[in-house]
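Read through the structure below, which is laid out as structure tokens, and then see the notes.
The values are calculated or read from the model by the stated rules, or taken from the named source; none is laboratory data. All of these numbers come straight from a predicted model, not from anything done at the bench. Note that we place each Cβ from the backbone using ideal geometry, even for glycine, and neighbour counts take in every protein chain shown. Surface areas here come from the heavy atoms of the whole protein model, side chains and all, with no ligands, DNA or RNA. Shrake-Rupley method; radii C 1.70, N 1.55, O 1.52, S 1.80 Å.
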Amino acid sequence: MKIKSGFVLRELAGEYVVVALGEASKIFNGIIKLNDSGRSIWELLSAGCEREEAIESMLKEYDVDRATVEADFDRFVEVLKGANILE
Amino acid sequence: MVFVLLLHRRESCFLGEIMFDIRIANIHIRIDNAYAYVFHLCREYLFETDELPELYIRVEDQEIAEEIAIAEHPVTKDYAEAVCIYRKICRQLPEHFQSFLMHSAVIEYNGEGYAFAAHSGTGKSTHISLWKKHFGEEVRIINGDKPILRFMDDRLYAFGTPWCGKEGWHTNASVPLKAICFLERSSVNTIRKIEPKEAIGKIFHQLLTPDDLKTVDALFPLLDRMLREVPCYLLGCNISEEAAGVAYKGMNGSST
């Protein structure tokens, strides 16, 4: 589970946004806006983390219970899969 | 202008220049063309100088063929070449000239520029025509569709270029941008200011998708600055003349 190449995360006007470059823009044409926890998950996935590792890391970073983190993580991954951004 | 008949290096034989210099957005560009169409398109932007160009643009036959293959409507080779040339120019803008293409219609009124952006078919051209009708000859169209935006002297300027949409509305001039206005069709005319975070998604639809990281890293600071310095508005408008008045008032201190 990894984010396909060609997607980059940047900060713009205080928001986190992901844009698709070149070939990747044929898969996804537009931008993705992320909040702070979305950015964390994105960075973990970009770094190649698997589910358990990512969730452990999120639990350390945010003061939220495991069930919530797991649900958020899974929902985030579903959205990315739906948009064909994960490989 | 002296026209010469030349047998060109590529397949075409045409009346026009085979290589010429233009200046758009204060950038000196040399165009090494195969077809006459782009020369005629650029005739109001010709730049005569002995200086070397800042940018050299040439489009290969293969690129023209690809452009024809992906075009939504049938296009000729000479038209496709012109499209490819502008795209090549615009891809160089963020990294080398601190500027970028933003799909929009820019008008000038009272020395200030207003950029109208919308999904194609929404009615940008119709709306700016309403400004001309409402405010008269003082409204000047800088670029009807594809202006170049560039920071100069601490302000963001919009530049006319020969590439400007099907109406052919453009002026070889520049104007400081006072506001960016996103258009949506509506039965009543209303306008409201929107925050940068709401504008981000809308602006991205109007830009050339960056090809590489260098372009992203050059473009994002420009967009960030634009969003901080130029106010954005959302206009719901119909095709009555009142729409122009509502838009003007909304972007000049009073809202509806």
field: Chains B and A together, accessible area buried on both sides, 1.4 angstrom probe, square angstrom
entry: 1400
query: Kirkwood-based Rg over Rh for chain A (C-alpha set), two decimals?
result: 0.96
- request: Report the extension gain between A:Lys4 and A:Val79 in nm, rounded to one decimal, defined as 0.36 nm multiplied by the number of residues separating them, less their alpha carbon distance.
  value: 25.6 nm
- request: Based on a Kirkwood Rh over C-alpha pairs, give the Stokes-Einstein translational diffusion coefficient of chain B at 25 °C and viscosity 0.890 mPa s in µm²/s.
  value: 128
message: Can you tell me the length gained on complete extension of the stretch B:Phe135 to B:Thr122, counting 0.36 nm per residue apart and subtracting the Cα distance?
response: 2.5 nm
- prompt: How much length is gained on full extension from B:Gln98 to B:Leu213, taking 0.36 nm per residue of separation minus their Cα-Cα distance?
  reply: 39.9 nm
task: Would you mind computing, in nm to one decimal, how far apart the modelled labels at A:Lys60 and A:Glu87 are, each placed 7 Å from Cα along Cα→Cβ?
output: 2.8
- prompt: Rounded to a whole number, what % of the accessible area of chain B do carbon and sulfur atoms account for, probe 1.4 Å?
  reply: 50
message: Would the protein assembly as shown count as rounded, prolate or oblate if I go by the C-alpha gyration tensor, calling it rounded below 1.5 in a/c and otherwise prolate when a/b exceeds b/c, oblate otherwise?
response: oblate
task: For B:Ile203, tell me the accessible area in Å² from a 1.4 Å probe, rounded to the nearest 10.
output: 10
query: Taking Cα pairs under 8 Å and at least six residues apart, what relative contact order does the range B:36-173 come out at, in percent?
result: 21
message: Rounded, prolate or oblate, given the Cα gyration tensor of the range B:5-97, with a/c below 1.5 counting as rounded?
response: oblate
message: Taking the Cα centre as origin and putting +1 on Lys and Arg beta-carbons and -1 on Asp and Glu beta-carbons, what dipole magnitude results for the protein assembly as shown, to the nearest 20 debye?
response: 880
- request: Find the eigenvalues of the gyration tensor of the Cα atoms of the range B:100-251, then list the square roots of 5 times those eigenvalues as equivalent ellipsoid semi-axes, largest first, in whole angstrom.
  value: 23, 17, 14
field: Pairs from B:Lys166/B:Lys193; A:Lys4/A:Lys26; A:Lys4/B:Lys88 whose Cα-Cα separation, in the structure shown, is over 20 Å
entry: B:Lys166/B:Lys193; A:Lys4/B:Lys88
statement: Expressed in angstrom and rounded, the centroid-to-centroid distance over alpha carbons for the range B:95-129 and the range B:156-221 is 6
- request: For peptide A:16-27, compute the average count of partner chain beta-carbon atoms within 10 Å of each residue's beta-carbon.
  value: 3
- request: May I ask you to derive the FRET efficiency for A:Glu70 and A:Glu23 from their Cβ-Cβ distance with R0 = 45 Å, giving the value to the nearest 0.05?
  value: 0.85
Contact order relative to length of chain A, as percent, for alpha carbon pairs under 8 angstrom and 6 or more apart: 32
message: Counting other C-beta atoms within 10 Å, and keeping those with at most 15, which DSSP coil GluC sites (Glu not before Pro) do you find in the range B:194-256?
response: B:Glu241
